[in-house]
Amino acid sequence: MKFTKLHGLGNDFIVIAGEKELPAEVDQLAIRLCNRFFGIGADGLVYILPSDTADFKMRIINSDGSEAEQCGNAIRCVSKYVYDHKLTDSTEITVETLGAGVQKVQLNVQEGKVATVRVDMGQPILQGLEVPTTVNEAKVINHPIEVDGREFRFTAVSMGNPHCVIYVEDAVNFDLAVWGPKLEVHPMFPRKVNVEFVSVRNRAYTDMRVWERGAGPTLACGTGACATLVSSVLNGLTDRQATVSLKGGELFIEWNEEDNHVYMTGPAEEVYQGTLE
């Protein structure tokens, strides 16, 4: 089985194409292959599969064996893969995702290779029970949550997967490893949650660090960057277009007022190819 290692701002994936469906016990396969000491090493295992409703289908298995509904960095990697490996010659494609439906993608090609990818990430889900949280409100904004005696305030956004956005004074140096895993499994989030810690520099720029559900701390999270922008607009902290700075680099996010869709633009890079014995 051939694979390709790609990353979006350091959020890295083992990408496999050519299969018709997910293999049996794909959860155990992902755990083994994503292990950075005894396997290839990655944040997730991604399959590019046939789709009845789009050009391609993407399935993402996290490094702990759980399946992610959507991943912004993974969809950029998939988009780069299918063009660079000549599975399509179009610079506008559609990708079917598990949790966010079919998403439209625009490819910026330079010297025959995809340099950056702009993804229509769809409309954010804000109703509390649909994110999901246990809070039955139309919008969960600046809501209190307590863990280990410390109170945070979060804004809930789903981009096809659930996010809990928390504003802190210094996101870059925040103790992610202490609070991220505790908030991920908080009973307020029935399907667990991705946790973003954010500090706002100005109305067009934020710093964000992420604890991803099922993967832990990652260098970047595309859906998390989208959730950060939506949350920041809801809290009156940024404009509808802003750069989100992650540990692995920057993403440009826009929440379009006319169609209510969130658009993400950022790079994807291929690292190497290999064969699984």
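The values are calculated or read from the model by the stated rules, or taken from the named source; none is laboratory data. Owing to the predicted nature of the structure, the values given are computational and were not obtained by experimental measurement. Cβ coordinates were reconstructed from backbone atoms using ideal geometry, including for glycine residues, and neighbour counts include every protein chain displayed. Note: areas computed on protein heavy atoms with side chains; ligands, DNA, RNA excluded. Shrake-Rupley method; radii C 1.70, N 1.55, O 1.52, S 1.80 Å.
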Shape call for the range 195-248 from the C-alpha gyration tensor, a ≥ b ≥ c root eigenvalues: rounded (a/c under 1.5), prolate (a/b greater than b/c) or oblate? prolate
Where Lys and Arg each count +1 and Asp and Glu each count -1, what net charge lies around Gln127 among other residues with Cβ under 11 Å from its Cβ? -1
With just the Cα atoms of the range 44-164, tell me how far they stretch along each of the three principal axes, in Å, largest first. 53, 29, 28
Gly160 long-range amide H proximity, modeled H, under 5 Å: Ile125
Give me, ordered by chain and number, the residues 5 or more places off Val102 or on other chains with an amide H under 5 Å from its own placed amide H. Thr97
Global form of the range 141-233, assessed from the alpha-carbon gyration tensor, a/c cut-off 1.5: rounded
How large a share of the accessible area of the chain, in percent, is made up of carbon and sulfur atoms when the probe is 1.4 Å and the other protein chains stay in place? 46
Once Arg240 and Asn173 are pulled to full extension, the length gained, defined as 0.36 nm per residue separation minus their Cα-Cα distance, is 21.5 nm
Per residue of the range 33-42, in order, report the coupling 6.51 cos²θ - 1.76 cosθ + 1.60 (Karplus, θ = phi - 60°) as ³J(HN,Hα) in whole Hz, putting x for Gly and Pro. 6, 7, 4, 7, 10, 10, x, 6, x, 5
Name the residues whose placed amide hydrogens come within less than 5 Å of the amide hydrogen of Arg213, ignoring near sequence neighbours (fewer than 5 apart) on the same chain. Asn194, Val195
Let me check the size of the range 36-112 from its C-alpha atoms; what are the radius of gyration and Dmax in Å? 13.1, 38
Give the percent of DSSP beta bridges with both residues in the chain that are antiparallel, rounded to the nearest 5. 80
Tell me, what ³J(HN,Hα) does each residue in the range 122-130 have, in order and in whole Hz, if you take phi through Karplus 6.51 cos²θ - 1.76 cosθ + 1.60 with θ = phi - 60° and put x for Gly and Pro? x, 8, x, 9, 10, 5, x, 6, 8
Would you look at the GNM of the chain, springs on alpha carbons closer than 10 Å, and say which of Lys104, Lys192, Lys113 moves the most? Lys113
Compute the length gained on full extension between Gln273 and Ala204: take 0.36 nm times their separation in residues and subtract their Cα-Cα distance, giving the result in nm to one decimal. 21.1 nm
Arranged from highest to lowest average of other beta-carbon atoms within 10 Å per residue, in what order do the peptides 179-185, 120-126 appear? 120-126, 179-185
Compute the normalised compactness of the chain: alpha-carbon radius of gyration over 2.2 N^0.38 Å, N being the residue count. 0.95
Could you state the accessible area per residue of the chain in Å², with a 1.4 Å probe and every protein chain left in place? 44
Measure off 7 Å from each Cα along the Cα-to-Cβ vector at Leu87 and His261, then give the distance between these two points in nanometres to one decimal. 2.1
Tensor-based shape of the range 118-186 (alpha-carbon gyration tensor, a/c under 1.5 rounded, otherwise prolate or oblate): oblate
